[in-house]
Structure formats: C-alpha cells, structure tokens
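> Quick one: the structure is below, and I'll ask about it shortly.
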Amino acid sequence: MGRKSPKQEDAIRPDEVRLGRVNGVFGVSGEVRLFLHNRETDLFAGAGAKVTLVSTEGERRELHLRSRQGAGKRVLGSIEGVASPEGARGYIGWEIVIAASELPSTEDGEYYQRDLIGLEVRTADGDVVGTLAEVMEGPVVDCWVVRGPEGEVMFPAIKEIVVDVDLKHGITIADHVQEFEA
C-alpha cells in the first residue's frame with residue numbers, strides 16, 4: 001500500500017470519505033486497476049459516479065469514474081478523459097474520495113466503518129471494554145480492534161459477538177469476548 005503522502009493527506013477534506021485508490025494500469029485502452037475499500041460497491045457500476053481524485057502531491061481533480069469486475073478479485077475502472085495506458089499511468093497512487101453527503105443511505109443494520117470508529121464498546125453486562133479503534137477487513141469477515149484500559153482486544157464482527165450497534169450510544173458485545181482474543 002505504500003506510505004501516505006502528507007500533501008495528499010492534507011488535500012483530503014474532513015467531510016470526504018476515502019473509497020480507495022488507483023493501483024495500476026490495465027490493458028491498452030486506458031483502464032486502471034482499482035483498490036476499493038468495498039469491492040462489492042455498485043457506486044461506480046453502470047454510469048458510474050462523480051468523484052474527486054487526489055494525487056500524492058495534493059492535486060485534486062473532479063472526474064467521472066466507472067468500474068467493472070475483472071478476473072478474480074480485480075476491480076477495473078475507467079476515468080473520464082483517459083484513453084491510453086500513458087494517461088492512466090499518471091493516476092497511479094491517486095486516492096478516490098467522495099463527499100460523505102454523496103454516499104448512498106445504509107439499510108437497517110448496515111453501517112459505514114467511519115461511523116463506527118470511535119464508538120464506545122461495552123459488554124452486555126455494561127462493562128466498558130474500550131473504543132473501537134480499527135476495522136480490519138478480512139476475506140470472509142471483518143475483525144474489530146478495540147483499545148481500552150485493559151489493552152487491545154480483537155474479535156470478528158459477527159452477530160454472536162456484536163450484540164447491538166447504536167451510533168448514538170455505542171456498541172454492545174457479548175460478555176465472553178475474551179474467548180476470541182487474537
């Protein structure tokens with residue numbers, strides 16, 4: 001994934017959400033390989049979506065991005081105005097961001113990771129475990145990392161452990177989560 005560029009970090013606004021980045025070039029028609037934090041998103045399918053691309057130097061460009069599935073787990077994209085491998089190569093390393101207000105609404109029981117980070121985590125008995133610090137995306141299930149007074153706890157985000165999620169009051173987990181510590 002490489003190191004983050006300070007100029008790129010500064011250019012991404014607090015009201016924007018990172019969706020992924022351009023990882024490479026694909027083929028001869030200017031398509032790019034995309035790393036998306038949510039590979040299953042249909043945000044860029046069909047007609048695609050207007051996004052902001054942010055370079056490692058902090059340059060911002062609002063462009064239209066479309067995606068399609070490639071071989072295996074690959075996600076391929078087309079950037080508005082790019083029709084050659086040379087043009088596509090210039091976007092490698094650019095972050096894909098969108099205003100949070102432009103994200104699709106979530107269904108009941110669905111959450112954006114950014115809304116979960118920082119929530120207090122308690123057991124069903126009411127004991128404070130800590131604060132959700134990180135969501136580690138896994139091939140089958142995500143793992144949540146909670147940091148608290150007793151240290152760090154990591155557990156799979158499955159219904160047997162995550163009892164309730166309330167964006168105002170925090171996350172409730174099963175009382176015996178230590179059985180799942182990493």
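The values are calculated or read from the model by the stated rules, or taken from the named source; none is laboratory data. All figures in this text were calculated on a predicted structure; none of them were measured in a lab. Heads up, the Cβs are rebuilt from the backbone with ideal geometry, glycines too, and the neighbour counts pull from every protein chain shown.
> How many of the residues making up segment 132-182 are of a type in the set (D, E, K, R), at pLDDT below 95 and more than 16 Å from D115 (Cα to Cα)?
Qualifying residue count for the region: 7.
> Check L43, L53, L34 and return the single one that is buried (at least 16 other Cβ atoms within 10 Å of the Cβ) and either assigned to a loop (DSSP other than H, G, I, E, B) or over 17 Å from the mean Cα position of the chain (by Cα) (or both).
L43
Listed here are the residues, each with its yes/no results for (1) touching a helix residue (DSSP H, G or I) at 6+ places or on another chain (Cβ under 8 Å); (2) surrounded by 14 or more Cβ atoms within 10 Å (Cβ to Cβ); (3) assigned by TED's automatic domain parsing to the domain that holds F26; (4) part of a loop (DSSP other than H, G, I, E, B).
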site: E107; (1), (2), (3), (4): no, no, no, yes
site: D125; (1), (2), (3), (4): no, no, no, yes
site: V129; (1), (2), (3), (4): yes, yes, no, no
site: V141; (1), (2), (3), (4): no, no, no, yes
site: V146; (1), (2), (3), (4): no, yes, no, no
site: E160; (1), (2), (3), (4): no, no, no, yes
site: V163; (1), (2), (3), (4): no, yes, no, no
site: T172; (1), (2), (3), (4): no, yes, no, no
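> Would segment 67-90 turn up any residue that is on the phi > 0 side of the Ramachandran plot, assigned by TED's automatic domain parsing to the domain that holds V28 and small (G, A, S)?
Checked segment 67-90: at least one residue is on the phi > 0 side of the Ramachandran plot, assigned by TED's automatic domain parsing to the domain that holds V28 and small (G, A, S).
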